[in-house]
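Reviewing the structure listed below.
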Amino acid sequence: MSYTEKQLKEELDNKSYEFGFVTDIESEKAPIGLNEDIIKLISSKKNEPEWLLDYRLKAFEIWQTMQEPKWAHVKYEKPDFQNISYYSAPKKKKELKSLDEVDPELLKTMEKLGISIEEQKKLSGVAVDFVMDSVSVATSFKEKLGELGIIFCSFSEAVQNHPDLVRKYMGTVVPFTDNYYAALNSAVFSDGSFCYIPKGVKCPMELSTYFRINESGTGQFERTLLIADESSYVSYLEGCTAPQRDENQLHAAVVELIALDQAEIKYSTVQNWYPGNDKGVGGVYNFVTKRGICGYRSKISWTQVETGSAVTWKYPSCILKGDYSVGEFYSVAVTNNFQQADTGTKMIHVGKNTKSTIISKGISSGKSQNSYRGLVKIGKGAHNSRNFSQCDSLLMTDQCGAHTFPYIECENSSATVEHEATTSKIGEDQLFYCMQRGISEEKAISLIVNGYAKEVLNKLPMEFAVEAQKLLEISLEGSVG
Amino acid sequence: MKELLVEIKNLECRIGDQEILKGLNLKVNKGEVHAIMGPNGSGKSTLSSVLAGNDNYEVTNGSISYLGEDITEMNPEERSWKGMFLAFQYPIEIPGVSNINFLRTALNERNKYFGKDPIPAKDFLKMVAEKSALVGLDNKLKNRSVNEGFSGGEKKRNEIFQMAMLNPKLSILDETDSGLDIDALKTVANGVNKLKSSENATIVITHYQRLLDYIVPDFVHVLHEGQIIKTGDKNLALELEKKGYDWLKTGNSIN
């Protein structure tokens with residue numbers, strides 16, 4: 001065969017991380033370490049109201065009493081929380097009126113990420129709120145959305161301009177007492193996105209945010225709050241890339257979704273943060289709390305394609321509080337080299353006739369460990385509620401691991417809960433079959449994996465589906481050994 | 001003067017430490033149909049795998065040349081691009097990948113190799129309609145995942161459909177008749193015959209003479225213990241049908 005192991009390795013080393021570049025922009029950083037003064041500094045830098053500072057300080061107090069969770073099927077060195085800078089903002093020179101005034105370095109970064117604002121404006125259809133490190137630097141389509149009464153802005157702006165909405169809903173789905181990382185986030189969150197869809201409004205475009213960890217040694221703690229008022233609809237896309245770094249970077253976000261009566265939220269994520277190199281050095285720690293709450297006849301749908309991060313700990317969940325509400329979770333999680341992922345969902349059925357669907361597709365390669373962990377809880381009052389779960393695992397090598405930890409707690413006998421699971425190994429015979437038809441090995445792997453993940457990829461909005469397919473291809477290059 | 005398509009010289013190969021082919025010689029010219037018959041375990045399927053470049057088999061001696069080029073070390077996809085096709089004895093299922101997406105990818109990869117543009121959707125669909133009619137492939141199967149949930153007959157028909165789409169110079173049919181009822185056999189054979197031309201050649205690997213009633217061979221070879229021990233015309237197949245293989249095994253002479 002002309003394609004040798006050596007060539008494969010060379011190619012992998014060269015291509016290892018497409019987005020491994022660093023933007024050279026002066027940034028303003030808080031001193032490293034975590035204490036009350038730092039939190040006060042963050043809060044004052046952001047000109048926050050008193051109640052928010054109190055919220056942060058209470059969260060910090062609780063966090064100090066908490067222990068890092070140990071139950072996940074991942075191993076990593078505990079981050080040194082005193083060795084992180086908790087605030088980093090690109091230095092602002094003056095107010096910018098047009099794109100021409102934006103730092104050309106920053107524009108270049110966006111172009112490399114394929115989201116130049118000029119292009120976005122022209123192509124339309126997607127409004128981008130770009131988060132560079134901690135501060136949102138460019139927002140488009142705001143006016144167009146404004147006409148419909150839709151608020152889509154950075155979290156900090158929302159605190160300034162819509163404090164009542166933020167105060168009313170923040171922490172209602174993920175309280176700061178929820179878990180270690182949610183508490184940490186609540187104390188030190190830097191920025192994030194805020195979105196409010198008014199009653200009866202169907203948001204006419206996909207809302208999109210790109211996150212990026214840029215400053216070396218900076219932890220990033222975003223907060224996203226998305227409120228869909230009664231009978232409204234929104235589809236929200238979250239895409240993430242990060243530059244290559246040798247030391248591990250901590251990322252602990254909180255995402256709260258609130259779907260009021262008869263509202264629908266579709267939340268899609270494509271995540272390819274730096275996973276570390278092929279020796280397991282570097283990479284992002286991704287410890288995220290994502291949760292949504294459903295009102296009467298409302299629906300929350302999580303779709304995620306996860307290919308990045310060295311360690312992932314993430315369970316986008318739904319609390320199905322309202323009767324007839326619907327929760328969905330569609331996930332593709334890819335791990336390669338030394339990546340570790342412990343991911344899944346929680347579906348908490350509270351209301352009557354609530355329904356949830358879980359489709360999880362794990363793909364493990366290299367020496368990675370990929371776990372699905374899911375909880376389906378049927379409460380006492382959740383009459384006639386239904387759940388269907390399907391967890392599939394695909395193994396690419398014989399050194400990787402796939403694990404499934406499904407938990408079911410059922411307190412109502414009228415409920416129906418179904419769970420299906422499969423594990424398969426990508427077959428040499430499948431690859432040979434493709435190659436005999438003239439499809440090279442790399443292309444064949446991508447074809448087979450995309451076929452395997454099709455059920456989930458089909459749930460992504462069009463523009464994301466293409467990117468996600470490409471991402472799967474890049475993540476699994478040269479992975480069959 | 002017939003043009004040589006493929007020449008196998010003194011081919012020896014093994015899988016693990018088990019030797020399977022032990023000095024096999026075969027010449028196939030354009031426009032010819034060769035049948036390879038032989039008892040179980042004689043190396044028939046190994047021969048087809050090695051011709052297609054399956055690297056589970058290690059070639060330890062000898063060579064394969066194809067259109068004058070030594071392809072012994074060539075990878076499977078390149079052999080495919082140059083016009084070699086293997087109809088699998090057990091076609092493989094690829095869940096979630098539609099038959100037509102699979103074929104379009106295959107054709108475009110080949111186009112890329114030859115520096116050509118991807119095939120336009122319209123031309124591709126026209127070709128699909130033509131070729132599926134040729135082998136009587138059910139319309140629904142084209143959009144279903146490759147071979148997933150297909151019946152035995154549907155799988156074999158799908159192989160011949162793929163063969164028609166890729167229009168190979170050398171087709172190797174590995175026990176394409178196994179698992180087919182007589183009607184399906186006729187349809188498949190009919191498809192193969194329609195694809196025959198003076199520019200291509202077919203190697204038919206089979207246990208039974210029955211298929212050769214429909215795909216009439218120019219030569220019949222008997223493979224035994226990794227070597228061709230007898231070569232004849234189509235009548236040899238009839239003789240084998242009556243007498244079995246035992247009468248040939250003792251002589252071990254290469255014709």
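Can you find a residue in region B:124-138 that is within 11 Å of another protein chain (Cβ to nearest Cβ), surrounded by 14 or more Cβ atoms within 10 Å (Cβ to Cβ) and part of a helix (DSSP H, G or I)?
Scanning region B:124-138 turns up no residue that is within 11 Å of another protein chain (Cβ to nearest Cβ), surrounded by 14 or more Cβ atoms within 10 Å (Cβ to Cβ) and part of a helix (DSSP H, G or I).
Answer with yes or no whether B:Asp117 is away from chain A (no Cβ under 14 Å), part of a helix (DSSP H, G or I) and over 30 Å from B:Ile8 (Cβ atoms).
No.
Checking B:Glu69 against (1) of a type outside the set (Phe, Trp, Tyr); (2) out of contact with any Gly (no Cβ under 9 Å at 6 or more places or on another chain); (3) under 30 Å from B:Leu11 (Cα atoms); (4) within 13 Å of chain A (Cβ to nearest Cβ), which test does it fail?
The single condition B:Glu69 does not satisfy is (4).
Would you point out which residue out of A:Ala402, A:Ala468, A:Ala421 is surrounded by fewer than 17 Cβ atoms within 10 Å (Cβ to Cβ) and closer than 18 Å to A:Thr335 by Cβ?
A:Ala421
Could you check, for region B:227-234, whether at least one of its residues is at pLDDT 90 or above and part of a loop (DSSP other than H, G, I, E, B)?
Yes, the conditions are met somewhere in region B:227-234.
Let me spell it out: the conditions are (1) more than 10 Å from every other protein chain (Cβ to nearest Cβ); (2) touching a Gly at 6+ places or on another chain (Cβ under 8 Å); (3) hydrophobic (A, V, I, L, M, F, W, C), and B:Leu47 meets all of them except one. Which number is the exception?
(2)
Count, please, the residues in region B:143-155 that happen to be part of a helix (DSSP H, G or I), charged (D, E, K, R) and out of contact with any Pro (no Cβ under 7 Å at 6 or more places or on another chain).
First, the residues of region B:143-155 that are part of a helix (DSSP H, G or I): B:143, B:152-155.
Subsequent filtering for residues that are charged (D, E, K, R) retains B:154-155.
Filter once more, so that each one left must be out of contact with any Pro (no Cβ under 7 Å at 6 or more places or on another chain): B:154.
Residues that pass the stated criteria total 1.
Among the listed residues A:Lys425, A:Lys454, A:Lys459, which satisfies the condition of being among the basic types (Lys, Arg), within 14 Å of chain B (Cβ to nearest Cβ), closer than 29 Å to A:His73 by Cα and in contact with a Ser or Thr (Cβ under 7 Å, 6 or more places away or on another chain)?
A:Lys459
Could you please find all residues in region A:277-332 being small (Gly, Ala, Ser), modelled with pLDDT under 90 and touching a Lys or Arg at 6+ places or on another chain (Cβ under 9 Å)?
A:Gly280, A:Gly282, A:Gly283
When region B:84-114 is examined, which residues are found to be in contact with a strand residue (DSSP E or B) (Cβ under 7 Å, 6 or more places away or on another chain), surrounded by fewer than 21 Cβ atoms within 10 Å (Cβ to Cβ) and more than 10 Å from every other protein chain (Cβ to nearest Cβ)?
Within region B:84-114, B:Gln89 is the sole residue that qualifies.
Quick check on this structure: which one of B:Ala164, B:Ala201 is free of Cβ contacts under 8 Å to residues at least 40 places away in the same chain, under 15 Å from the mean Cα position of the chain (by Cα) and under 23 Å from B:Ser49 (Cα atoms)?
Exactly one of B:Ala164, B:Ala201 is free of Cβ contacts under 8 Å to residues at least 40 places away in the same chain, under 15 Å from the mean Cα position of the chain (by Cα) and under 23 Å from B:Ser49 (Cα atoms), namely B:Ala164.
Scan region B:50-76 for residues that are over 18 Å from B:Glu7 (Cβ atoms) and under 15 Å from the mean Cα position of the chain (by Cα) and jot them down.
Passing the criteria: B:Asn54, B:Pro76.
Can you pull out every residue in region B:172-181 that is closer than 16 Å to B:Asn200 by Cβ and within 12 Å of another protein chain (Cβ to nearest Cβ)?
B:Ile172
The values are calculated or read from the model by the stated rules, or taken from the named source; none is laboratory data. Here the structure is a predicted model, which is why all the values come from computation and not from measurement. Glycine also receives a Cβ, built like all others from the backbone with ideal geometry; neighbour counts cover every protein chain displayed.
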